[in-house]
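Reviewing the structure listed below.
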Amino acid sequence: MLEQTLKTNIQKIETNIQKACEKNSRDINDINLICVSKSVDDETTKQVVDQGIIHLAENRMEKLLEKKEFLKEEAHIKWHFIGNLQRRKVKTVINEIDYFHALDNVKLAAEIDKRAEKQIKCFVQVNVSGEESKQGVSPDSLSEFIDSLSVFENIAVVGLMTMAPYEASNEELHRIFSDLNRLKKAIEDKKLAYAPCKELSMGMSRDYEIAISEGATFVRVGSGFFDDDEKEVGTDEFI
């Protein structure tokens, strides 16, 4: 039953992505679908991989390490760490991931640079909506923050990330995602070797199609993978 639910949901997500790309003249090859697998067990995560999904995201160090060990034969998986990363945990997890989606302060950047054995692909988290409950660099501080990262050889700023408020209207979502795209282009135009900033990580189960219409290249979908048709998709603020 779960296998069929996953297959059906993945087909639905991929169809929605394709339609969003066609509608907005986007190349579907530019869209990376990330499965946020934090709410499911190892075996369910493996079934997602068996369906052809290669990007997996976790927000807890222990779960990421556990799942990476369980799926150690699946060398093609790209591992993403989303959410807050405590500095004391950086040394344990940073060399186990391919992307980090929540860089938002210099102290964390310094710890990553110190502990990393390779260059880490990072998204700078931007609090576009201005919500007090959201982490992230303010839009006004972004350029200065990007400049401060130039001293860290092991950090590559591949793009920007944001999360929209759960209660945001479609109009507000378009504005938030469009604003992040504008900020991304401003950094990209600087042509910084350490911050190419070509990617946008935005859009979750409830709003990834709108995010794609505004330039997303990585979308983070969780409940859209695992909920059956009777459940409301997108009830988890992070996915």
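The values are calculated or read from the model by the stated rules, or taken from the named source; none is laboratory data. Source: prediction; values computed, not measured. Glycine gets a Cβ as well: all are built from the backbone with ideal geometry, and neighbour counts include every protein chain shown. Accessible surface is based on the protein model in full, side chains and every heavy atom, while ligands, DNA and RNA are left aside. Shrake-Rupley method; radii C 1.70, N 1.55, O 1.52, S 1.80 Å.
You will find that of Glu69, Glu132, the residue that is over 19 Å from the mean Cα position of the chain (by Cα), among the charged types (D, E, K, R) and at pLDDT below 95 is Glu132 and no other.
Scanning region 209-229 for residues that are open to solvent by less than 10 Å² (accessible area, probe 1.4 Å), within 20 Å of Phe81 (Cβ to Cβ) and not small (Gly, Ala, Ser) gives Phe218, Val219, Arg220, Val221, Phe225. Taking the condition of a type in the set (Asp, Glu), surrounded by fewer than 20 Cβ atoms within 10 Å (Cβ to Cβ) and at pLDDT 95 or above, does Glu3 pass? So Glu3 does not fit the description; no. Considering (1) in a loop (DSSP other than H, G, I, E, B); (2) within 16 Å of the chain's Cα centre (by Cα), the lone condition that Lys184 does not fulfil carries the number (1). Note on region 188-197: residues that are out of contact with any Leu (no Cβ under 7 Å at 6 or more places or on another chain) and under 10 Å from Val124 (Cβ atoms) total 0. Candidates are the residues of region 102-134 that are touching a strand residue (DSSP E or B) at 6+ places or on another chain (Cβ under 6 Å) and part of a loop (DSSP other than H, G, I, E, B); the one that is least open to solvent (accessible area, probe 1.4 Å) is Asp104.
Of the numbered criteria (1) closer than 30 Å to Lys46 by Cβ; (2) surrounded by fewer than 17 Cβ atoms within 10 Å (Cβ to Cβ); (3) in contact with a Phe, Trp or Tyr (Cβ under 7 Å, 6 or more places away or on another chain), the one Ser150 fails is (1). Restricting the first member to region 133-145 and to residues that are closer than 9 Å to Asp104 by Cα, and the second to residues that are of a type in the set (S, T, N, Q) and open to solvent by less than 50 Å² (accessible area, probe 1.4 Å), the beta-carbon pairs closer than 8 Å and six or more apart or on different chains are Gln135/Gln125; Gln135/Asn127; Gly136/Gln125; Gly136/Asn127; Gly136/Thr162; Val137/Gln125; Val137/Asn127. Taking the conditions (1) over 24 Å from Lys190 (Cβ atoms); (2) touching a His at 6+ places or on another chain (Cβ under 6 Å) in turn, Phe123 satisfies each one other than (1). Looking only at residues of region 14-32 that are outside any helix (DSSP H, G or I) and closer than 9 Å to Ile212 by Cβ, we find that the one that is least open to solvent (accessible area, probe 1.4 Å) is Ile31.
Each residue in region 70-117 was checked for being among the charged types (D, E, K, R) and either touching a helix residue (DSSP H, G or I) at 6+ places or on another chain (Cβ under 7 Å) or in contact (Cβ under 8 Å) with a residue 60 or more places away in the chain (or both), and 9 pass. Count of region 33-69 residues, restricted to those that are in contact with a Ser or Thr (Cβ under 8 Å, 6 or more places away or on another chain) and in a loop (DSSP other than H, G, I, E, B), is 2.
Among the residues of region 164-187, just one is surrounded by 22 or more Cβ atoms within 10 Å (Cβ to Cβ) and of a type in the set (D, E, K, R), namely Lys184.
The set of residues in region 70-101 being in a strand (DSSP E or B) and open to solvent by less than 50 Å² (accessible area, probe 1.4 Å) consists of Trp79, His80, Phe81, Tyr99, Phe100, His101.
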